[in-house]
Structures are given as C-alpha cells and as structure tokens.
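The values are calculated or read from the model by the stated rules, or taken from the named source; none is laboratory data. Computed from a predicted model, the values in this text were never measured in an experiment. Cβ sites come from the backbone with ideal geometry, for glycine too, and all protein chains shown count toward neighbours.
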Number of protein chains: 2
Amino acid sequence: MPGIVKERLFTPGPTPLLMEAQLRALTMTLHHRTDAFRALMRETLDNLKYYFNTKNDIIVFASSGTGAMEGAVSNLLSPGDRVLIGTAGKFGERWVQLAKAYGIESVVVEAPYGQEVPVGEMKKHLESGGFRAVFIQATESSTGVRNDVESLGKAVSALPDCCFVVDAITGLGTTDLRPDEWGVDILIGGSQKATMIPPGLAFASISDKAGRAMEKSKLPRYYFDYAKERKSLAKGESSYTPATSLIVCLHAALNYIKELGRENLIANAELLAEASREAAVALGLKNFAVGTPANAVTSICAPPGIESTKVVKDMKSRFGVILTDGQGSMKGQMFRIAHLGYYDFLDLVAVLGALEITLLKVGHKVELGSGVRAAQNVYLRHSA
Amino acid sequence: MPGIVKERLFTPGPTPLLMEAQLRALTMTLHHRTDAFRALMRETLDNLKYYFNTKNDIIVFASSGTGAMEGAVSNLLSPGDRVLIGTAGKFGERWVQLAKAYGIESVVVEAPYGQEVPVGEMKKHLESGGFRAVFIQATESSTGVRNDVESLGKAVSALPDCCFVVDAITGLGTTDLRPDEWGVDILIGGSQKATMIPPGLAFASISDKAGRAMEKSKLPRYYFDYAKERKSLAKGESSYTPATSLIVCLHAALNYIKELGRENLIANAELLAEASREAAVALGLKNFAVGTPANAVTSICAPPGIESTKVVKDMKSRFGVILTDGQGSMKGQMFRIAHLGYYDFLDLVAVLGALEITLLKVGHKVELGSGVRAAQNVYLRHSA
C-alpha cells in the first residue's frame with residue numbers, strides 16, 4: 001500500500017522543530033560582532049534564565065550537550081580530586097567516562113537500568129567527605145527515569161567545598177527543576193531537546209559556589225572554559241564564533257516558550273508521558289522504568305518474545321514514525337517515545353494508533369483502539 | 001489545560017502544504033520572461049497532463065478555480081445558447097450562477113443535498129437536443145458526493161456540437177478520472193487542493209472539440225481567454241504576469257506527485273475516506289452522503305440533537321483541528337473532514353482521536369477508541 005507517509009520524529013533528541021523559530025533563522029543577516037547580535041544574545045540569555053528557572057548566569061557553547069558536561073568536569077576540578085557520581089543509564093555512564101578522561105577518581109553509585117539512582121546511598125557517601133563535586137542526571141533518557149535532584153542537592157548544599165552538577169539536557173522543559181532552591185551549582189542543557197530547535201548548542205548555569213570552585217580548578221581547558229565564556233557573554237559576546245543561526249532560532253523558540261509558560265511546557269510533557277505509560281499497559285506491555293518515570297521520554301518493554309528492534313523498524317517503514325530502540329545492552333529489550341518539547345496530544349494519538357497496528361503486525365495481540373482510549377482517558381482526567 | 005496545540009487543517013481547500021514545494025518557492029529568483037521560466041513552465045504543463053491523466057493541452061491562470069469555471073462558460077458559448085447543468089450542492093449551483101451571469105439559458109438537473117446528480121435524467125434531457133454544453137462536478141465537496149462523470153461524458157461525446165465541462169477542483173488527485181476516454185472537453189482544477197500548494201492557480205484542459213467550440217463562441221472575455229492563454233503557454237509564457245512563486249511550488253509538488261504516483265495519491269485519499277466513513281458509523285454518526293461518497297472529503301451528520309457547529313468549534317479550540325461545517329442551509333447539520341492531497345493515515349488517526357473526545361464533550365456518547373479502531377481495521381484490510 002504505497003501512499004503518503006510523513007516522517008514523525010519521536011526520539012529524545014533531536015526533536016520536532018518549531019517552524020516559526022526555523023523561519024527566523026532562515027531570514028537572518030546577523031554578524032556576531034555587532035550591537036544587534038549582542039542585544040539578541042542578552043535577551044536570549046535572560047530567557048534561558050527563565051527557562052532554567054534560575055537567577056544564576058548561563059553560558060552557551062556551540063557544541064553538543066556533552067561539551068558542556070566535559071566543561072563541568074574540567075572547570076571545577078584539579079588533579080587528585082575525588083567526585084561522586086550517580087548513574088542510572090548510558091548518560092550517567094558518561095560522567096564516569098569524563099572523570100576518567102581527566103584522571104579524576106570517582107565513586108560511582110549505580111542503579112540497575114530502569115531504576116533511579118539511590119540518592120540515599122549517595123548521601124551516605126557524602127557523609128564520609130572528601131568529594132569536590134557530585135554528578136547526576138535530572139532525567140536519564142536511556143531508561144526513562146527521573147532522579148531525585150532536590151534531595152541530593154540539599155545534601156550537597158551543606159558541603160562548602162563540593163559542587164553539585166546536574167545534566168538536565170532532557171530534564172529541562174519536562175521536569176519541575178528549582179536549581180537555586182535545591183543548590184544546583186551547574187545545570188546543563190542542550191538545544192535539540194525541549195527548546196524545539198536543532199542540535200548544536202549547549203547551555204550551563206553557574207552558581208557563585210561553582211564560580212569560586214572554577215577559580216581554584218587546575219584541570220586543562222580551553223574551548224569549554226566556563227569563566228572565560230561567562231565574562232564574554234556578560235558583554236553579549238561569545239569567546240569564539242557563535243552558531244548564529246542557532247542562537248537566532250533559540251531566541252525565537254524561547255519567546256514561544258515564555259508565551260506558552262515554562263510550567264505549561266512541563267505539564268504538556270507530563271500529560272503525554274502519563275498517557276503513554278497508561279497506553280502501554282492497556283496494550284499489554286510493561287513500562288521499562290520501575291523507578292520514578294521521566295516525562296521526557298517513555299521507555300516501554302518489548303512485547304514478550306519479540307525484539308523491540310522489530311517494533312522500531314515496522315513503525316519507521318510502515319508509518320514513518322521514528323522511535324528509539326534501547327541503547328547498548330538494552331537494545332532489543334525496549335523502545336522509547338519522546339515527549340520533549342514541541343509535541344501535542346494529537347501527535348501522541350497518532351503514534352499510539354500506529355503502534356497498535358505495528359504490534360499486531362509483529363505478532364503481539366492487542367485490542368485496536370485500546371491504547372488510544374487509555375491516552376484519551378488520561379487527557380480527560382487532566383482536562384476535567 | 002493550556003499545553004501545546006498545533007494547528008491541523010482538514011478543510012477541503014486550502015489543504016496541508018508540501019513543505020519541500022514551499023521551500024523551492026522560498027528561494028526562487030525567477031523572472032517570468034526568461035528561458036529558465038519558460039522551461040520550468042513547460043515541464044509544469046507536462047506534469048499537469050500526467051496529473052490530469054490527459055493528452056489535451058492544459059492552461060493555467062493566476063486565479064481561484066472559479067475563474068477557470070467562468071472561462072469555461074465565456075469561452076464555449078454564445079448569446080442564445082442553452083446548457084445543461086447537473087448540480088448536487090453549492091459548487092453545482094455555481095455553474096447555474098455563472099450561466100445566469102452571462103445570460104445563458106440553463107436546464108438544471110438537481111440532486112437533493114447528499115445525493116449524486118441523477119445522470120440518467122441528464123441523459124434524457126440530452127436526447128431532446130439543443131444543448132451547447134453540459135456542466136457538472138466530478139466531486140461535490142459541499143456534500144461529499146461523487147458524480148458519474150464517465151457515463152455522462154460518454155453520452156455527451158456522441159453529440160458533435162456539445163461540450164462536456166467538468167469541475168474536478170476537488171476530484172483531481174482523489175478520484176480516478178479518464179478525461180480523454182470519457183470525452184471530457186474541459187476539466188478544471190485548482191492549486192489549493194490535492195496538489196498540496198497554496199490557493200492562487202486554476203487549471204483547465206482543453207480538448208480539440210472544445211478548441212473548435214471556442215472559435216465560434218461570442219461571449220465577452222479577456223483575462224480568462226482560453227485560446228489566447230493556450231497560445232501563449234505553447235511558448236512557455238503566460239499572457240499576463242504569472243504567479244511565479246506558485247508556479248515554482250506547483251512544479252515541485254507535481255514532481256513529488258509523479259514520484260508518489262497519481263494512482264497512489266488517489267488510493268491514499270480513498271483509504272482515508274473509507275476509514276473516515278467507517279469511523280463515523282462506529283461513533284454512532286451517519287454519513288451525510290447517501291449517493292456515491294467522494295474520496296476528497298467525508299461529510300458526517302451532526303450527532304442527534306447537537307449542532308455540528310459545536311463539534312467544529314470544540315475541535316478548533318481544544319485541538320487546533322480545523323474542520324468545515326456544512327455550507328449554506330447545511331450549516332449546523334454536518335461537518336466535513338478532507339482527504340485532499342498531503343494527508344497520511346496517522347493524520348486521520350489524530351483527527352479521529354480528537355473527534356472522539358470532542359463528541360463526548362458536546363454530549364454525544366461514544367466508546368473512546370472505537371472510531372480509531374474502525375479506521376485501523378480499514379487500514380489493515382487495505383494493507384493485507
């Protein structure tokens with residue numbers, strides 16, 4: 001049946017693009033060493049503060065989110081420092097690799113895939129002292145769980161020489177985050193997530209405590225020099241050539257997000273995530289996240305006896321729907337539906353309607369319409 | 001529950017735009033009196049012949065479809081001529097108004113709204129002779145019915161001095177049409193329909209018989225002079241300034257349609273229309289079309305005791321879905337979902353998922369998911 005099939009992106013980054021932001025970038029003629037750019041950059045940084053829910057300065061790099069993660073390590077630490085890392089999946093493991101790359105000793109508290117980081121265990125480690133920084137994800141998008149940033153942050157706050165670094169690349173815009181209240185010293189974000197624009201920008205907020213730690217840090221760094229970038233951006237400039245079209249895009253997208261409201265953006269992802277989980281159950285599937293589920297992405301276990309890879313492939317070839325399979329050792333065991341940014345309820349209805357047919361086609365019995373109905377009931381509960 | 005709501009257009013024109021065609025127009029720098037434009041125009045006209053399924057010449061006007069309809073009247077007829085008109089709705093009535101505007105006497109065969117034109121009755125009128133032209137719609141989008149163009153065309157073919165004019169503005173790309181086999185002398189189309197581009201262009205194919213009739217016709221005309229335009233376009237030029245960005249758009253969209261295949265474009269609309277009709281029944285609603293239903297648009301009766309206007313309003317405000325209410329005296333009695341052009345199956349799943357919630361909200365009891373399920377079953381039947 002060769003008919004019209006539109007591509008629909010349901011991956012946890014890149015995410016669907018906000019066309020009005022794309023169009024702004026399309027017509028731009030900005031040079032970056034001008035007053036016009038500096039004014040736009042300052043507005044963008046102010047709006048990022050709104051988006052991050054913080055009063056702290058925010059810096060922007062032309063890089064993927066990993067670049068800002070690397071910067072958090074290289075700007076806060078010195079040779080011989082020890083750090084504490086909480087990991088619940090592939091992105092937590094990145095903190096471990098980064099520490100290793102810089103020769104930093106780390107104590108790792110690991111959750112089995114699907115569970116959240118046992119923050120209580122991390123707090124016990126903190127009591128023994130001697131950590132210069134603590135690293136964690138707000139939401140672990142490889143497994144679809146959310147970590148307890150608040151509780152861990154409050155514990156780290158009490159330690160004068162220890163900074164708290166949170167990778168909120170998929171957490172921002174999908175989860176209520178209060179970095180200032182919770183003592184988050186560096187909060188990291190990326191452009192290709194809930195900000196609805198293409199990949200290429202990384203963001204990091206810097207607390208006063210982090211600023212002081214950076215002054216003492218002796219690890220080597222150049223491009224990802226947080227202090228240098230903070231100083232440049234205070235004048236509306238970046239140290240090196242900024243990705244101007246992405247900055248223009250971001251400026252437009254943050255205006256949209258301000259108009260929509262940060263809380264509404266988060267509530268939108270929350271509704272879609274809850275509806276996806278209930279749809280999965282209605283379709284006889286298990287949710288992969290046994291810990292607190294993230295709103296950013298819903299991870300659903302493969303149907304019994306069927307590889308999730310088959311589901312992902314059929315959704316792509318039949319319906320143009322791009323889901324993600326499990327990463328690493330989780331490949332074949334689960335698939336993921338993202339809710340990051342520019343999705344509405346009908347986007348979810350469409351993907352669930354497709355999923356029901358795909359499940360039948362790969363050999364998993366479902367009642368057609370039952371996943372959609374479960375999602376509709378969640379919608380009705382929220383709109384009542 | 002203020003969240004993200006994307007606008008989704010389900011009206012029988014304008015229709016969803018093919019972005020790759022829009023982007024081509026966005027970057028164009030064409031002047032219309034150049035070889036480059038003439039080459040592009042010739043290719044476009046060739047591709048229009050493929051789209052129309054005809055060997056006849058096709059002309060293009062910068063106008064709405066109504067302009068080409070007016071031209072069919074003013075180019076074929078002379079004062080004192082009589083015509084036969086088959087009408088099944090608002091667009092059939094336009095033929096009657098056009099004849100009247102030019103002082104042409106018309107015999108009108110009228111079907112009640114929701115039924116197709118009784119072509120047998122028209123054929124009987126033809127036996128009495130004296131008609132210079134016969135006018136009908138391929139599909140009447142105000143009611144969602146399809147007329148029997150083939151049977152009527154074959155009857156008119158036998159008459160040497162009578163031309164057969166078909167408004168296929170919503171029929172093209174949604175219905176199997178064989179204008180050359182069926183003796184259609186003028187077939188009319190418009191850009192904002194299954195060609196997936198914005199409004200602003202009208203098309204008309206001209207048979208040899210129509211060409212001969214035009215030579216004898218004495219009604220006044222200037223802008224919509226078919227013969228003049230045909231002569232200009234043979235050189236790749238238009239008589240007056242062409243809507244260049246729309247021509248570039250059309251060129252790109254027709255390339256997409258050729259790649260997809262005309263038959264597949266039609267089959268796509270057929271699947272969506274059939275799925276919509278079965279979904280309506282599953283939701284306890286009646287299909288408005290009692291005659292042969294059109295693939296271009298599905299007209300669904302309002303829920304018992306509830307004005308369709310309420311359904312249309314709730315779909316717009318709650319979900320951003322733009323449906324059309326009934327036109328004229330049908331307002332409040334039905335609503336319409338279009339399948340013209342750039343829609344895929346998941347677009348329909350989304351609109352049905354929305355409709356189920358809206359029906360509940362306006363007070364019509366439905367089993368959630370049951371309309372989606374009916375559509376999924378149609379999909380499975382077609383894909384088996």
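General remarks:
Each row is one residue, and each column tells you yes or no for (1) surrounded by fewer than 22 Cβ atoms within 10 Å (Cβ to Cβ); (2) in contact with a Pro (Cβ under 8 Å, 6 or more places away or on another chain); (3) not hydroxyl-bearing (S, T, Y).
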residue	(1), (2), (3)
B:T309	yes, no, no
B:R336	no, yes, yes
B:Y342	no, yes, no
B:V362	yes, yes, yes
B:Q376	no, no, yes
B:H382	yes, no, yes
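- With respect to the conditions (1) in a helix (DSSP H, G or I); (2) within 14 Å of chain A (Cβ to nearest Cβ), B:K313 falls short on a single one, namely (2).
- Scanning region B:26-73 for residues that are in a helix (DSSP H, G or I), loosely packed, with under 15 Cβ neighbours inside 10 Å and not charged (D, E, K, R) turns up B:L26, B:A36, B:A39, B:Y50.
- Failed condition for A:G305, given (1) part of a loop (DSSP other than H, G, I, E, B); (2) more than 10 Å from chain B (Cβ to nearest Cβ); (3) within 19 Å of B:Q376 (Cβ to Cβ): (3)
- Residues that are in contact with a Ser or Thr (Cβ under 6 Å, 6 or more places away or on another chain), in a strand (DSSP E or B) and buried (at least 23 other Cβ atoms within 10 Å of the Cβ) do occur in region A:137-144.
- Residues that are within 14 Å of another protein chain (Cβ to nearest Cβ) and assigned to a helix (DSSP H, G or I), drawn from region A:236-262: A:A253, A:Y256, A:I257, A:K258, A:E259, A:L260, A:R262
- Residue within region B:342-352 that is more than 15 Å from A:V349 (Cα to Cα), touching a residue at least 40 places away in the same chain (Cβ under 8 Å) and not in a helix (DSSP H, G or I) present: yes
- Note on region B:323-341: residues that are of a type in the set (A, V, I, L, M), within 12 Å of B:L272 (Cβ to Cβ) and either at the interface with chain A (Cβ under 8 Å from one of its Cβ atoms) or not in a strand (DSSP E or B) (or both) total 1.
- Residue within region B:186-194 that is of a type in the set (V, I, T), under 30 Å from B:M19 (Cβ atoms), surrounded by 24 or more Cβ atoms within 10 Å (Cβ to Cβ) and at pLDDT 95 or above present: yes
- Residue in region B:213-235 that is outside the structural domain of B:D344 (by TED's automatic domain parsing), crowded, with 24+ Cβ neighbours inside 10 Å and assigned to a loop (DSSP other than H, G, I, E, B) present: no
- Residue among B:L159, B:L98, B:L84, B:L126 that alone is in contact with a strand residue (DSSP E or B) (Cβ under 9 Å, 6 or more places away or on another chain) and part of a strand (DSSP E or B): B:L84
Yes or no, residue by residue, for (1) farther than 30 Å from A:S317 by Cα; (2) in contact (Cβ under 8 Å) with a residue 60 or more places away in the chain; (3) of a type in the set (V, I, T):
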site: A:L18; (1), (2), (3): no, yes, no
site: A:L30; (1), (2), (3): yes, yes, no
site: A:R33; (1), (2), (3): yes, yes, no
site: A:R42; (1), (2), (3): yes, yes, no
site: A:S63; (1), (2), (3): yes, yes, no
site: A:T66; (1), (2), (3): yes, yes, yes
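- Candidate set from region B:311-352 (those that are more than 18 Å from the chain's Cα centre (by Cα) and of a type in the set (S, T, Y)); member that is nearest to B:T175 (Cα to Cα): B:S329
- Any chance B:I197 is closer than 26 Å to B:K154 by Cβ, touching a Ser or Thr at 6+ places or on another chain (Cβ under 7 Å) and among the hydrophobic types (A, V, I, L, M, F, W, C): no
- Residue list for region A:349-384, restricted to those being more than 24 Å from A:P304 (Cβ to Cβ) and more than 8 Å from chain B (Cβ to nearest Cβ): A:V378, A:R381, A:A384
- Residue satisfying condition, being away from chain A (no Cβ under 14 Å), among the charged types (D, E, K, R) and within 29 Å of A:M19 (Cβ to Cβ), within set B:E20, B:E70, B:E7, B:E43: B:E43
- Unmet criterion (only one of (1) surrounded by fewer than 17 Cβ atoms within 10 Å (Cβ to Cβ); (2) closer than 20 Å to A:K193 by Cβ) for A:K124: (2)
- Qualifying residue in region B:220-241 (condition: among the acidic types (D, E), within 23 Å of B:A72 (Cα to Cα) and free of Cβ contacts under 8 Å to residues at least 60 places away in the same chain): no
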